[in-house]
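> Below: one structure in structure tokens.
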Amino acid sequence: MALPTLTPEQRAEALAKAAEARKARSELLASIKAGKTTIDKVLAKAKEDKTIGKTKVKQLLMAVPGLGAVKVASLLEKAGIDAERRAAGLGERQRGALIDALK
């Protein structure tokens with residue numbers, strides 16, 4: 001399927017929207033890293049908040065202080081979550097298993 005041809009105005013609008021989404025995601029990850037919000041609160045809001053919902057669970061976990069790539073991979077495996085899964089795509093059981101594994 002070919003991509004639609006965009007006018008310069010549409011292209012500029014799409015670029016601005018993408019930059020805004022990246023900024024919001026960056027702020028979210030920074031707040032997790034700083035300890036201002038917890039991963040369980042973030043995951044609870046994943047269905048309503050577009051920014052959280054479109055963020056990969058692996059990215060969210062990597063922002064948690066004390067978790068690195070190996071621990072995150074282990075947590076995801078224990079909870080039965082694919083590394084490419086986005087936060088909005090988690091089921092209740094997966095979310096619960098992940099939060100329990102973090103404790």
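> From the phi angles alone, apply the Karplus equation (6.51, -1.76, 1.60; θ = phi - 60°) to the stretch 32-42 and give each ³J(HN,Hα) in whole Hz, x where the residue is Gly or Pro.
5, 4, 7, x, 6, 9, 9, 5, 5, 5, 5
> Let me have the 222 nm mean residue ellipticity of the chain computed from DSSP H runs of 4+ only, each contributing -39500 (n - 2.57), with the sum over all residues rounded to the nearest 500.
-19000 deg cm²/dmol
> Here is a further query. For Lys17, which lysines qualify as cross-link partners when the Cα separation must be under 29 Å and same-chain residues fewer than eight apart are set aside?
Lys33, Lys36, Lys41, Lys45, Lys47, Lys50, Lys54, Lys56, Lys58
> Test of understanding: what is the full-extension gain from Glu27 to Met62, defined as 0.36 nm times their sequence separation minus their Cα-Cα distance? Could you put the intermediate results ahead of the total?
Details: separation 35, 0.36 × 35 = 12.60 nm, distance 1.41 nm.
Result: 11.2 nm gained on full extension.
> Taking all protein chains in place and a 1.4 Å probe, what share, in percent, of the accessible surface of the chain do carbon and sulfur account for?
On the way: 3990 of 7160 Å².
So the carbon and sulfur contribution to the accessible surface is 56 percent.
> While we're on this one: With every protein chain left in place, what is the accessible area per residue of the chain in square angstrom, probe 1.4 Å?
Values: 7160 Å² over 103 residues.
Dividing the accessible area of the chain by its residue count gives 70 Å².
> Full extension from Lys36 to Ala83: what is 0.36 nm times the residue separation minus their Cα-Cα distance, to one decimal in nm?
Numbers: separation 47, 0.36 × 47 = 16.92 nm, distance 2.46 nm.
That works out to 14.5 nm of additional length.
> Right, here's the next one. Using a basic spin-label model with each label point 7 Å from the Cα along Cα→Cβ, how many nm lie between Lys47 and Glu92?
Result: 0.8 nm between the two label points.
> Show me the ranking of peptides 53-60, 20-27 by mean Cβ neighbours inside 10 Å, starting with the highest.
53-60, 20-27
> Measuring from a point 7 Å past the Cα of Ile99 along Cα-to-C-beta, which residues in the stretch 67-81 have an amide N at less than 20 Å?
Zone members listed by number: 67, 72, 75-81.
The values are calculated or read from the model by the stated rules, or taken from the named source; none is laboratory data. Just so it is clear, the structure is predicted and the values come from calculations on it, not from any experiment. Note that each Cβ is placed from the backbone with ideal geometry, even for glycine, and that neighbours are counted across all protein chains shown. Each accessible area value is taken on the protein alone, full model and side chains, heavy atoms only, with ligands, DNA and RNA left out. Shrake-Rupley method; radii C 1.70, N 1.55, O 1.52, S 1.80 Å.
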